[in-house]
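The values are calculated or read from the model by the stated rules, or taken from the named source; none is laboratory data. Remember, it's a predicted structure, so these values are computed and weren't measured experimentally. Glycine gets a Cβ as well: all are built from the backbone with ideal geometry, and neighbour counts include every protein chain shown.
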Amino acid sequence: MFSAILVVMVLAQTPMGKPVSAEELRALDITVFPDGKGLPAGKGTAAQGATIYKAKCAECHNEKGEGRDQQYPRLVGGVGSLTTAKPMKTVGSYWPYATTVWDTIYRAMPYETPRTLKPDEVYAVTALLLHWNGVIGENDELNEKTLPKVKMPNRDGFVPDARPHQKLKKSK
Amino acid sequence: MLALGASFMAVSCSKNEPTAAKPQSGLTMRAYGERSPFEKTQRGARESTKSIGVGSSRTPLQDLYGTITPSSLHFERHHAGVPVIEPAAHRLVIHGLVEQAVSFTMEDLRRFPSVTRPHFIECSGNGGGELAGNAGADASRSHGLLSNSEWTGVKLSTVLEAAKVKADAKWVIAEGADACRMARSIPMAKAMEDSLLVYAQNGEALRPEQGYPLRLLLPGWEGNASIKWLHRLHVAAEAAMTNQETAHYTDLHPDGKATIFSFEMEASSVITRPSGGQKLAGAGFHEVSGLAWSGRGKVAKVEVSFDGGANWKEAVLDGPVLPKAAVRFRIPWQWDGQPTLIASRCIDETGYVQPTRDEILAARGPNSQYHYNGVKRWSVKADGSVTSV
């Protein structure tokens with residue numbers, strides 16, 4: 001106990017780490033929250049996204065987002081399948097937030113050259129995937145204001161962890 | 001007996017040079033050691049044929065002893081390969097709801113008070129095949145997304161306190177420096193409870209495939225959330241709802257609803273000897289042994305059945321039994337040479353009893369995919385061969 005207090009006191013007096021400037025942080029901080037916090041300014045429509053998708057995504061995810069082999073995930077379809085014996089989890093049938101689509105594409109795609117798309121391109125390809133899944137129209141513009149307002153079909157499909165499924169003699 | 005003693009004497013007295021000191025052909029001293037060339041066990045890998053870097057490899061549990069997984073055999077699960085990170089250039093940035101955004105070098109982090117603790121890491125997809133009805137043929141294929149190591153690092157709470165987290169902070173979003181910037185949102189309570197910023201594994205620096213030079217370790221929680229190659233902690237009031245915590249690592253139930261943020265790995269166990277693919281030399285004495293673990297704390301008891309799960313006998317646990325760490329259990333067995341179904345079940349300190357597959361199916365159906373921890377049975381045939389059931 002004494003040593004723990006001592007450590008806290010000594011740590012408080014020892015400068016640990018270096019302040020990070022707002023500018024350094026801008027380059028590094030790519031977090032996007034469901035309410036849209038963290039989204040950069042930009043805009044795009046599905047019609048614009050089609051060209052980008054063809055050039056940068058179709059090679060792996062196929063012409064219409066139907067996926068390829070087992071390795072390249074399907075990005076469309078599956079609505080209504082979650083209660084069947086063969087659920088198909090896609091952007092359209094499963095993902096609760098539209099911001100996650102934007103974030104996934106910017107953060108990790110195209111697989112071999114992630115974070116090379118401009119914000120407008122990401123809005124456009126996101127719009128295309130949402131359009132293919134019947135969530136928005138072909139000419140609906142997505143931007144940092146409208147994207148977080150898009151309600152995904154499975155938005156209410158998630159519940160908190162109710163495990164354990166058995167009574168415990170003592171709870172932690 | 002007497003003859004044997006005499007011949008020993010003869011060997012050691014008749015020559016000045018003990019036989020053991022004779023130079024061996026082919027092996028010299030090595031700056032960094034390797035196992036004997038006769039030892040061949042390895043990870044079973046499954047990698048995408050097209051996207052290099054997406055895939056997993058499994059620990060060959062059936063070939064291991066004790067509880068520590070050799071670092072070279074720790075399971076792997078990568079979504080965008082293993083980055084090469086120069087430690088001198090690596091920084092951990094903490095920002096968001098903190099007094100001042102701050103970055104730490106590896107030297108800064110090692111300067112904080114450290115702890116060394118054994119913990120298991122288990123992918124929550126471990127056993128997914130068992131649930132789906134494709135039982136793994138051996139312990140690697142049934143349970144090999146589990147490994148157990150001695151980790152050294154700084155308590156995350158120590159570093160967060162130094163960064164002066166604000167009162168409204170509820171989540172820490174952890175991000176890796178791999179190509180896909182893998183990210184997960186961690187509840188603040190877990191961050192402050194027992195989470196570690198780990199820089200060493202089994203006494204040496206982390207292996208690249210385990211997150212070199214720095215990883216998060218959330219004891220007892222699904223492996224995916226213990227972000228490797230950790231470079232950023234975003235302290236926030238809400239979760240980010242990243243791809244990995246929504247599209248994946250959520251457990252779908254038959255009613256179409258899915259559990260989100262199901263972090264804990266519940267009590268589980270597997271017999272590793274005898275296990276699938278092995279062959280008993282014949283009837284008579286055998287020691288049955290395996291591994292047990294629980295993400296909720298210490299293993300309290302392991303029981304073994306020799307009749308497929310109708311009757312259970314308590315096994316001995318090799319100490320020390322530590323929270324959220326794997327423990328080895330052992331029980332002697334006199335095999336009568338008849339076909340036998342062996343099984344193990346783990347009971348943890350909360351009183352939780354490892355369930356059967358049927359109980360899990362009843363609770364969350366066949367498509368929940370993650371967090372399977374059903375009792376694993378192996379079938380010992382009359383000829384001594386062991387197969388999965």
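Check region B:161-168 and report whether any residue there is closer than 23 Å to B:Glu222 by Cβ and surrounded by fewer than 24 Cβ atoms within 10 Å (Cβ to Cβ). No - not one qualifying residue is present in region B:161-168. In region B:96-122, of all residues being away from chain A (no Cβ under 14 Å) and surrounded by fewer than 23 Cβ atoms within 10 Å (Cβ to Cβ), the one that is nearest to the chain's Cα centre (by Cα) corresponds to B:Pro118. For region B:245-264, the count of residues that are within 14 Å of chain A (Cβ to nearest Cβ) and within 19 Å of B:Asp138 (Cα to Cα) is zero.
Residue-wise test of (1) loosely packed, with under 13 Cβ neighbours inside 10 Å; (2) closer than 21 Å to B:Gly153 by Cβ.
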{"residue": "B:Lys40", "(1), (2)": "yes, no"}
{"residue": "B:Asp63", "(1), (2)": "no, no"}
{"residue": "B:Gly66", "(1), (2)": "yes, no"}
{"residue": "B:Pro70", "(1), (2)": "no, yes"}
{"residue": "B:Ala88", "(1), (2)": "yes, yes"}
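In the same structural domain as B:Phe104 (by TED's automatic domain parsing) and either within 19 Å of B:Ser379 (Cβ to Cβ) or assigned to a loop (DSSP other than H, G, I, E, B) (or both): is that true of B:Ala240 in this structure? Here the answer is yes, as B:Ala240 does meet what is asked. Could you list all residues from region B:180-220 that are crowded, with 21+ Cβ neighbours inside 10 Å, in contact with a Pro (Cβ under 8 Å, 6 or more places away or on another chain) and among the small types (Gly, Ala, Ser)? Once the filter is applied, which keeps residues that are crowded, with 21+ Cβ neighbours inside 10 Å, in contact with a Pro (Cβ under 8 Å, 6 or more places away or on another chain) and among the small types (Gly, Ala, Ser), region B:180-220 yields B:Ser195, B:Gly220.
Being buried (at least 19 other Cβ atoms within 10 Å of the Cβ) and under 22 Å from A:Thr31 (Cα atoms) holds for only one residue in A:Thr146, A:Thr100, and it is A:Thr100.
The residues of region B:123-150 that are at negative phi, more than 12 Å from chain A (Cβ to nearest Cβ) and assigned to a loop (DSSP other than H, G, I, E, B), listed by number, are B:Cys123, B:Gly125, B:Asn126, B:Asn134, B:Ala135, B:Gly136, B:Ala137, B:Asp138, B:Gly144, B:Leu145.
Would you pick out the residues in region B:199-215 that are under 15 Å from the mean Cα position of the chain (by Cα) and farther than 15 Å from B:Arg77 by Cα? The answer is B:Gln201, B:Asn202, B:Leu206. Filtering region B:302-352 to residues that are buried (at least 18 other Cβ atoms within 10 Å of the Cβ) and within 14 Å of chain A (Cβ to nearest Cβ) leaves B:Pro323, B:Lys324, B:Arg345, B:Cys346, B:Ile347, B:Asp348, B:Glu349, B:Thr350, B:Tyr352. No other residue among A:Ala98, A:Ala46 is aliphatic (A, V, I, L, M), under 27 Å from B:Ser368 (Cβ atoms) and modelled with pLDDT of 95 or more apart from A:Ala98. For the structure I just gave you, tell me whether A:Met109 is surrounded by fewer than 21 Cβ atoms within 10 Å (Cβ to Cβ), aliphatic (A, V, I, L, M) and within 28 Å of B:Asp178 (Cβ to Cβ). Spelling it out, A:Met109 is indeed surrounded by fewer than 21 Cβ atoms within 10 Å (Cβ to Cβ), aliphatic (A, V, I, L, M) and within 28 Å of B:Asp178 (Cβ to Cβ). Kindly provide the set of residues from region B:68-102 that are free of Cβ contacts under 8 Å to residues at least 24 places away in the same chain and either β-branched (Val, Ile, Thr) or touching a His at 6+ places or on another chain (Cβ under 9 Å) (or both), ordered by number. Within region B:68-102, B:Ala101 is the sole residue that qualifies. Return the pairs, sorted by first residue and then second, in which the second residue is not in a strand (DSSP E or B), the first residue lies in region B:147-165 and is of a type in the set (Lys, Arg), the beta carbons are less than 6 Å apart, and the residues are 6+ apart or on different chains. Cβ pairs passing all conditions: B:Lys164/B:Glu99. Filtering region A:50-104 to residues that are of a type outside the set (A, V, I, L, M), in a loop (DSSP other than H, G, I, E, B) and farther than 25 Å from A:Lys151 by Cα leaves A:Asn62, A:Glu63, A:Asp69, A:Gln70, A:Gln71. For region B:222-250, the candidate set comprises residues that are among the acidic types (Asp, Glu) and buried (at least 22 other Cβ atoms within 10 Å of the Cβ); within that set, the residue that is nearest to the chain's Cα centre (by Cα) is B:Glu222. Taking the criterion of being farther than 25 Å from B:Gln369 by Cα and either touching a Cys at 6+ places or on another chain (Cβ under 6 Å) or more than 11 Å from chain B (Cβ to nearest Cβ) (or both), the residues of region A:73-124 that qualify are A:Thr116, A:Leu117, A:Lys118, A:Pro119, A:Asp120, A:Glu121, A:Val122, A:Tyr123, A:Ala124. Here B:Glu287 clears all of (1) out of contact with any helix residue (DSSP H, G or I) (no Cβ under 9 Å at 6 or more places or on another chain); (2) among the acidic types (Asp, Glu); (3) not assigned by TED's automatic domain parsing to the domain that holds B:Ser379 except the condition numbered (3).
Got at least one residue in region B:221-229 being within 7 Å of another protein chain (Cβ to nearest Cβ), touching a residue at least 12 places away in the same chain (Cβ under 8 Å) and of a type in the set (Lys, Arg)? Within region B:221-229, not a single residue is within 7 Å of another protein chain (Cβ to nearest Cβ), touching a residue at least 12 places away in the same chain (Cβ under 8 Å) and of a type in the set (Lys, Arg).
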